[in-house]
Every structure is written in structure tokens, then in C-alpha cells.
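Data block below; observations after.
The values are calculated or read from the model by the stated rules, or taken from the named source; none is laboratory data. What you see is a predicted model, and the numbers here were worked out from it, not measured in a lab. Quick reminder, even Gly has a Cβ in these numbers, built from the backbone with ideal geometry, and neighbours come from all protein chains shown.
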């Protein structure tokens, strides 16, 4: 045999011996030196206790608690650890169960999560059940109490942005964000609870205890050397004023619509209302699923966040933005006037105005105060047809870019999930609608906030921040500080200043601001007039159509109002929409005016209390429209529930068939046949 062949044999033998030695050394290390694996292998003698930390508290800008924790206990079971001699009768008595219910629940747990995995047997035990179980818990091998915290809300408000928590689903566990979770854990499902889940969750703790000869956990194992302490979640401090939030929801009661109020100097959201609202306490505890179903089936859609997801034609509230863009483009000067005699006729059709006398559109400021439709559709055409663009289509794209810079047509980036983006038309949309044949007369309605443009109330409020700040804004957000740290890494993106019109001088914003002040002092928004405060506002009365039985039906207009105050060094910017309510100054205007007064003065003057009473007593929900909508939604819901139930039964049958061996083994251990749970 050659020397080369001997060398190869030696190398191969060396490799096999090396691998074997490596495995033996690793096994020796695990058995003799690695305490962690000794504990896992010695589970009979060591009790492992998982402690779920309390979630972080949420407080308002004044430190008032808006969300706190209540301690509850879940009864967990590991089926493979359930002993043959389990005193089932004693356990049933402690839980208030009968034997059949106990057997069904245990079998469901086995089928759902298997024999080896610890899973929830009963969630959120009552105080009585918890006390009775603790008295004799050492008798119930395989069962364990796990302490958890559930959310509780001192006020029945703010549910739409606070969010709620729920048990993580198998689908959620597949996502990277929930890689460290396990079946039975709870996580934020919506609102701030979801957006700041990692901050609020804290760190789960694990503690090891030695068991005595009665299998009861006693003293800490190795004096706690292997324990992982539980760390409570961090506190979120919001810009929201809890008192103002409750007041806003009260003003919007029995109305469909929304309110968004922002501090322009920070981008902090002071109030956000989606009406009808709901009590966040409904989405906690054992009744959460049932209450969620009722809220979901409600035709008025209380779970739908109208403030961030609903998109409306802005109507005349877009006119200040149209004026700003026209000034920036150079299409007009502040002194530009239009000889409106009550309507616009230049495109072969009449677009009516609310004023017919001469001089109501003598310049930009006067046109804003009188909300002249003819003036703003005309200057929109001047923007679109400006020679500097080269063509009308290029002009529309330039206008579209301006709208995007204002935060329209895309999410603003607010720190709650599922924000809508609204709609800003571009050349692609009109080419599709009109097969490429269109001009500035085709889409002139956009200049007065109608037609193909749709904005969310949050976008409208943010636009008011831009005008109030004379050209910049901060991304709207709720959280002011995390654990009293306003400079936390997660909040850095909200400190960035955005300037959509970087080259526009302050004087142009001042002209728009003074025109909006005129709206309040001598124009369409006099309902918002407050002594000693310069309020800048714009009313909007938005045409509204609904589809009923497949037919477009003219409904009552939406009432829209936007404002900021004071004009210099503004403290609040606000947008209010009340659906199917008529003129902007009739309903949305009083809501905005009272909230501005509440924020700036802390109380409502006696001579304005009548506005409160008017809003408190108003019932503006269209019963006919929502009765039809409700009937359709109930029908859709029934069909959906039938499909879900059919799928659930099919899945249950499949799981039951797959678990025949487990079922027979369990029946053999119990010495009797188990009742069927799938018919």
C-alpha cells in the first residue's frame, strides 16, 4: 500500500475520532457544568415559574393616567404532566366546572397545542376561582397559575387611538416581530398598544424553585443565580389632554365624524376623536371577543378611525392651500382679483358662488374671507396652465407634487397603525378617466376642494400646522416622552422639521393667515370668534353622495371646519368634520371653536354655553342611511360567519382525526371514554 493511501486513512480516522471526542466533551460539559440544561432535564425537582411583567402605563400631558394594569391569573396546563391520580373532582370544584366541561376543555387544549406545550386552560380566572385553586394547588400536577396584567381605562374615551391587547395568533407568531413570543402571550393589536408594543411589553421573567416531597415549590434554586428578572414596560406620556379628549368626544356624541387637534410647534396630537366612539374597557377581559363582534357589526363603524383612515373632499378648506400654491408658482400676486358676479362661466358651465355682489373677490385676502368658488377655480387653472410648465399635463404634475409636499396623497407617518393616504389626482388618473383628452377645464373643481381630491382629517389638520408655522411642520404624533425621556431613539423621527415650501417667504403665509382671520371676523366663520384671540379659520360645505341599492343618491352635505390659533405663535391647529350635517359653520365650526377656547383658556365662557347645549343635544346621524347600511352589513356578517364556522368545523374534524392516537391514549389513562367535541 502506498504512502499516500496510508496518509488518507490516517486523516479519515483522525476526523472520525475528532468528531466523536467533540460530541463526548460537549455531552460531558452539558451534564456536569451547564446548570441551565440540568434544570431543564431535572424538571421533576425544579419548578420553573414564568412571570409576565406589567405593561407600561399610558398617561396624558398632565400626568393623568389614561391606561393602567389590573392583575389577573390564567390557569395553564401541560397535558403530559397531568398525573394519573389527579383529583379531578377537587379541581372541578375549585374552578366551578362539571366533569364533562373539564374533559372537553382539556381535550381541546391537547388537540390545539399538543401534549408537551404549556397552554391556557382557562384565561383570566375570577378572584374566587384563583383563591380556591391556590388553596390546594400542590395537588394539581400539570396545572399552574400565571400572573398577567390586563388593561383598564379610568375614562370611557380615547379607545380609537389607545388600541387594545389580545392573545397572539399562530399567524402572528410567524412574523419576525413576534419571534420571541409564544402561544398564550398577549400583545398590542391596534393603536398605541401595537405601535409601541416593544416599549410597553417589558421583559418576561423566569424564576426557578426547588420542590419539596409534596411537589410544592419552596426556596429559590441556587439562590436565584439562574433567574431572569421581569422588567416592567415603560411609561408613555402623550401630548393628549385627557380632559379635553373627553370633552371633544362629548361634543361629537350622536354625530358621525372626527376631530384632530395638533400643537403646531411640536406636531403633538392634543385630541383625536372618531365618532361614534367606544369605551375601551369593552375590549378587555373575557367578553372582549363578544364585544368586538358587536362593535364590528355596528353599521356606524365605531372601530373605523375616521380621523386617520376616512378620506373626504376637503371642500373650501382647501382654498388656503390653493392660494399658497398660486403665490409660490407666481400665477398670482396677493392683489390679484377676479370679477365674480356670482359664478364662474369660463369653461362653458356655471359654477355658482354664495356671493353675487361685486368686489367679494377683489384680492386673495377678500376672496378667502368670502370663500369665492370662482376665484379659486380660476387660480387653480392659472397654476395648471402656467407657461413655465410647458403644458397643462406638466402643470398638473407640478401641482400634484405641491400636494404631496403638503402631506396629501400619502400617510403622514402618525404613530398609530393603518393610516390612510387619501387621494391626490395626477396625470395618470385623468389619462385613464378621459383617455388622455383633458385640460384645465376638466378638473377645475379640484381648486375648490371638490372633484377627485380626498383628504383625511389628520392631513387637513397638518396642513393648518404648515400655514400656522409659516412653512414647516413636524410629523403628527401622540407620544411626547418614553419614561420621561422626550429624546428617546424611537421619537427622533418626530423631531425632524419638514418644509414643503422652503423658498416661500413668510409674508405669503401671513397673507393667507390674515385672509383666514377675516373668515372669522367678517366672513363665513364668525361662529369661531373669540374675544382677545386671533383665530384663523376656513369653513367647508362638502357635497356628498352615497350609493344606496346600487344607485348614487345625493345626501346632506358634510360640515367641515379647519382653524389655528392664535395667528402669531399658534398653540393649536384643528380640523373637524361632521358627516351629513350641512354648512361648515353650523356644526363643525362650533365644535372647533369650543375646543380652541377650552385649550387656550381652560374653560368655556358663560355666553357661549348655548353652543355646548346645542352640540350635546344634536342628533345628526341619518337613520335611513344607516338602517340600510346596517341591514346590508348584517347580511354580509351572517355570510362571513357561516364561512368561518364551516372552516372551523372542517379544521376541528381534521385535527380530531389527526389526534386519534392521543385521544385513545388519554382515554386509557383516565379509564373511560371522553365525550365528543366535534359533531
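For the reader, a short list of remarks on this structure follows.
- Residue in segment 223-238 that is buried (at least 20 other Cβ atoms within 10 Å of the Cβ), more than 23 Å from residue 418 (Cα to Cα) and either touching a helix residue (DSSP H, G or I) at 6+ places or on another chain (Cβ under 6 Å) or modelled with pLDDT of 95 or more (or both) present: yes
- The residues of segment 445-491 that are within 27 Å of residue 353 (Cβ to Cβ) and in a loop (DSSP other than H, G, I, E, B), listed by number, are 449, 450, 451, 452, 453.
- Checking each residue in segment 61-75 for being surrounded by 14 or more Cβ atoms within 10 Å (Cβ to Cβ) and within 13 Å of residue 284 (Cβ to Cβ) picks out 67, 68, 69, 72.
- Some residue of segment 135-152 being surrounded by fewer than 18 Cβ atoms within 10 Å (Cβ to Cβ) and modelled with pLDDT of 85 or more: yes
- Residue within segment 594-607 that is surrounded by 14 or more Cβ atoms within 10 Å (Cβ to Cβ), touching a strand residue (DSSP E or B) at 6+ places or on another chain (Cβ under 9 Å) and part of a strand (DSSP E or B) present: no
- Qualifying residue in segment 433-450 (condition: in contact (Cβ under 8 Å) with a residue 40 or more places away in the chain and within 20 Å of residue 573 (Cβ to Cβ)): yes
- Matching helices (runs of 4 or more DSSP H) fully within segment 341-444 where at least 3 residues are surrounded by 22 or more Cβ atoms within 10 Å (Cβ to Cβ) and in contact with a strand residue (DSSP E or B) (Cβ under 7 Å, 6 or more places away or on another chain): 373-384
- Segment 158-211, residues that are part of a helix (DSSP H, G or I), under 17 Å from residue 285 (Cβ atoms) and touching a helix residue (DSSP H, G or I) at 6+ places or on another chain (Cβ under 6 Å): 159, 162
- Residue identified as in contact (Cβ under 8 Å) with a residue 12 or more places away in the chain, within 23 Å of residue 570 (Cα to Cα) and touching a strand residue (DSSP E or B) at 6+ places or on another chain (Cβ under 6 Å) among 454, 468: 468
- For segment 46-72, the set of residues classified as touching a helix residue (DSSP H, G or I) at 6+ places or on another chain (Cβ under 8 Å), modelled with pLDDT of 85 or more and closer than 17 Å to residue 146 by Cβ consists of 55 only.
- Complete set of residues in segment 304-324 that are surrounded by fewer than 22 Cβ atoms within 10 Å (Cβ to Cβ) and touching a residue at least 60 places away in the same chain (Cβ under 8 Å): 309, 311
- Residues that are within 22 Å of the chain's Cα centre (by Cα) and assigned to a helix (DSSP H, G or I), drawn from segment 282-332: 282, 283, 288, 289, 290, 291, 292, 293, 294, 295, 296, 297
- Scope segment 106-117; condition in contact with a strand residue (DSSP E or B) (Cβ under 8 Å, 6 or more places away or on another chain) and buried (at least 17 other Cβ atoms within 10 Å of the Cβ); matching residues: 106, 109, 113
- Within segment 86-98, considering residues that are assigned to a helix (DSSP H, G or I) and in contact with a helix residue (DSSP H, G or I) (Cβ under 6 Å, 6 or more places away or on another chain), the one surrounded by the most Cβ atoms within 10 Å (Cβ to Cβ): 94
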